[in-house]
Amino acid sequence: MSNDRYVSPLSERYASREMQYIFSPDMKFRTWRRLWIALAETEKELGLNITDEQIEELKAHADDINYDVAKEREKLVRHDVMSHVYAYGVQCPKAKGIIHLGATSCYVGDNTDVIIMTEALKLVRKKLVNVMSELAKFADKYRAQPTLAFTHFQPAQPTTVGKRATLWLMELVMDLQDLDHVLDNMMLLGSKGTTGTQASFKELFENDKEKINKIDPMIAEKMGFKKCFPVSGQTYSRKLDTRVANILSGIAASAHKFSNDIRLLQHLKEVEEPFEKNQIGSSAMAYKRNPMRSERIASLARYVMIDALNPAITSATQWFERTLDDSANKRLSIPEAFLAVDGILDLYLNVASGLVVYPKVIEKRLMSELPFMATENIMMDAVKAGGDRQELHEKIRTLSMEAGRNVKEKGLDNNLLELIAADESFNMSLDDLKKTMNPENYVGRSPEQVDEFLSQVVNPILEENKDILGITAEINV
């Protein structure tokens with residue numbers, strides 16, 4: 001590693017080697033050569049004068065790229081595609097004359113971009129499903145563990161720890177649905193020439209419409225795709241990049257929401273992210289256990305959400321059949337969005353698989369607030385015993401305010417039950433009131449909702465994808 005120049009933290013700190021390879025020069029230029037082979041094979045099969053010997057020569061050098069030759073050539077001609085055409089030709093003298101026949105630079109450039117994004121989406125999908133699997137285990141394990149729920153981060157009616165986890169899961173289900181839709185509709189550019197009119201192929205195939213119409217479908221099949229864009233300019237519509245970036249942005253937003261909740265829960269000491277034996281939380285405060293992985297999720301997620309604007313603006317500002325102001329932006333925005341989401345999902349998987357729950361802390365906080373939440377039930381029981389609902393409602397309101405002042409102003413424990421027991425209007429003893437303090441009575445259908453959601457929504461997804469489950473995440477820092 002060189003220490004005298006900038007190196008992206010996405011590759012050095014956050015993204016996996018697998019995702020880094022997908023966006024590597026090696027992946028890019030090997031794909032270029034696969035596309036040139038597919039084009040030559042297609043042209044031969046449709047009747048052009050291309051020999052098996054030429055194609056075999058191209059295949060023999062598909063992976064051993066002579067980068068030094070290409071780099072030297074690019075210094076001279078200032079054109080990356082033609083430099084690699086030249087370098088491939090040096091290795092394949094018999095096939096030299098038919099490499100890139102009838103194509104424009106975007107044939108390899110754009111088709112490769114689509115192929116790379118598709119492979120990257122598949123890796124994102126695998127990691128996303130594995131995160132879902134870990135969250136599903138967590139939700140099931142804590143399906144019935146009562147916990148204080150919050151609205152506006154103010155105490156609200158209780159829920160369960162598992163039910164809260166289903167909220168994180170539901171967003172990932174939506175992300176997976178969106179991802180699968182985009183993945184199922186990924187299209188190659190095909191080979192349509194300089195302005196998308198197929199003029200060069202009209203010349204090559206002497207205006208044989210039937211043969212020309214077969215070119216794109218045959219290339220798509222050879223490259224593992226179902227279809228190509230039916231129409232295009234020189235490039236595929238940059239709307240596709242926008243679609244892809246929006247998927248990544250959606251996943252980032254879901255992960256950010258999860259990380260926020262974990263950071264808040266860790267502050268409350270109810271649930272914590274994994275904390276390794278030798279991990280240091282603070283350089284000054286040795287006792288601290290900072291939620292640094294969740295914080296990193298949030299940090300990277302914000303970057304991805306903002307980065308999604310790049311492809312949208314690029315798509316909006318293309319001129320006619322193409323301009324080149326997309327190129328530099330695409331080289332940055334698309335790879336970096338994928339590398340960041342890859343890092344996010346590795347962190348998400350690591351945190352979700354190692355969450356630490358503290359039931360005693362959860363119970364203590366819930367019980368400190370439960371008397372307020374039980375007042376409606378207490379009032380109903382008092383009415384059944386002959387009390388007046390309107391009078392009892394006013395008394396409970398007054399006593400609740402007094403108990404609240406005791407907690408907030410005097411730092412005392414919540415004594416609402418004692419205050420109610422001392423009021424003869426309720427005709428209930430302290431023991432009677434304490435019997436109503438069973439947290440399970442106040443979580444509604446949370447455990448059943450967890451069971452139904454997992455069995456009806458999540459488990460079918462996991463079963464369908466069981467072949468890609470079981471991966472673990474490596475966190476570099």
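Tell me, please, whether a residue that is under 22 Å from SER249 (Cα atoms) and surrounded by fewer than 22 Cβ atoms within 10 Å (Cβ to Cβ) can be found in the stretch 137-156. Among the residues of the stretch 137-156, not one is under 22 Å from SER249 (Cα atoms) and surrounded by fewer than 22 Cβ atoms within 10 Å (Cβ to Cβ), which makes the answer no.
Only a single criterion out of (1) closer than 30 Å to ALA103 by Cα; (2) assigned to a helix (DSSP H, G or I) is not satisfied by SER232, namely (2). In the condition set (1) over 27 Å from THR195 (Cβ atoms); (2) buried (at least 20 other Cβ atoms within 10 Å of the Cβ), ALA103 is compliant with all but (1).
Residues of the stretch 409-429 being in contact (Cβ under 8 Å) with a residue 40 or more places away in the chain, surrounded by fewer than 16 Cβ atoms within 10 Å (Cβ to Cβ) and polar (S, T, N, Q), which ones? Give the steps one after another, and end with the answer.
Pass one, the stretch 409-429, residues in contact (Cβ under 8 Å) with a residue 40 or more places away in the chain: 413-414, 416-417, 420, 425-428.
After this cut, where a residue has to be surrounded by fewer than 16 Cβ atoms within 10 Å (Cβ to Cβ) as well, the list is 413, 425, 427.
Matches in the stretch 409-429: SER425, ASN427.
Across the stretch 378-424, the qualifying residues are those that are among the acidic types (Asp, Glu) and outside any loop (DSSP other than H, G, I, E, B), and the one among them that is nearest to LYS434 (Cα to Cα) is GLU418.
Conditions (1) crowded, with 23+ Cβ neighbours inside 10 Å; (2) assigned by TED's automatic domain parsing to the domain that holds ARG293; (3) β-branched (Val, Ile, Thr); (4) under 26 Å from PHE275 (Cβ atoms), marked per residue:
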position	(1), (2), (3), (4)
ALA316	no, yes, no, no
SER327	no, yes, no, no
PHE338	yes, yes, no, no
ALA352	yes, yes, no, yes
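With respect to the conditions (1) free of Cβ contacts under 8 Å to residues at least 60 places away in the same chain; (2) touching a Ser or Thr at 6+ places or on another chain (Cβ under 9 Å), LEU469 lacks only one, and its number is (1). Can you name the residue in the stretch 425-458 that is assigned to a loop (DSSP other than H, G, I, E, B) and under 20 Å from VAL383 (Cα atoms) and is also nearest to the chain's Cα centre (by Cα) among such residues? So, considering only residues that are assigned to a loop (DSSP other than H, G, I, E, B) and under 20 Å from VAL383 (Cα atoms), the one nearest to the chain's Cα centre (by Cα) is MET437. Residue-level analysis places LYS192 among those that are surrounded by 14 or more Cβ atoms within 10 Å (Cβ to Cβ), out of contact with any Gly (no Cβ under 6 Å at 6 or more places or on another chain) and in a loop (DSSP other than H, G, I, E, B).
Restricting to the stretch 198-232, name every residue that is among the β-branched types (Val, Ile, Thr), surrounded by 15 or more Cβ atoms within 10 Å (Cβ to Cβ) and closer than 20 Å to THR112 by Cα.
Of everything in the stretch 198-232, those that are among the β-branched types (Val, Ile, Thr), surrounded by 15 or more Cβ atoms within 10 Å (Cβ to Cβ) and closer than 20 Å to THR112 by Cα turn out to be ILE215, ILE219.
Among residues of the stretch 14-52 being surrounded by fewer than 18 Cβ atoms within 10 Å (Cβ to Cβ) and among the small types (Gly, Ala, Ser), the one that is farthest from LEU345 (Cα to Cα) is GLY47.
Is it the case that ILE378 is among the β-branched types (Val, Ile, Thr) and modelled with pLDDT under 95?
Details: among the β-branched types (Val, Ile, Thr): yes; modelled with pLDDT under 95: yes.
It is true that ILE378 is among the β-branched types (Val, Ile, Thr) and modelled with pLDDT under 95.
Taking interchain pairs and intrachain pairs at least six residues apart, which have beta carbon atoms under 6 angstrom, with the first residue in the stretch 349-364 and under 13 Å from PRO146 (Cβ atoms) and the second crowded, with 17+ Cβ neighbours inside 10 Å? Listed pairs, sorted by first residue: VAL357/VAL271; VAL361/GLU270; ILE362/THR147; ILE362/GLU270. Restricting attention to the stretch 157-200, the residues being without any contact (Cβ under 8 Å) to a residue 24 or more places away in the chain and acidic (Asp, Glu) number 1. Evaluate the following for LEU366: is it in a helix (DSSP H, G or I), farther than 30 Å from THR197 by Cβ, in the same structural domain as ASP113 (by TED's automatic domain parsing) and within 37 Å of the chain's Cα centre (by Cα)? Against the criterion (in a helix (DSSP H, G or I), farther than 30 Å from THR197 by Cβ, in the same structural domain as ASP113 (by TED's automatic domain parsing) and within 37 Å of the chain's Cα centre (by Cα)), LEU366 does not qualify.
Only one of the numbered conditions (1) under 28 Å from the mean Cα position of the chain (by Cα); (2) modelled with pLDDT under 95 is violated by GLY224, and that is (2). Among the conditions (1) over 23 Å from GLU321 (Cα atoms); (2) in contact (Cβ under 8 Å) with a residue 40 or more places away in the chain; (3) not assigned by TED's automatic domain parsing to the domain that holds SER327, SER254 misses just one, which is (3).
The values are calculated or read from the model by the stated rules, or taken from the named source; none is laboratory data. These figures come from a predicted structure and were not determined experimentally. All Cβ positions, glycine included, derive from the backbone under ideal geometry; neighbour counts span all protein chains shown.
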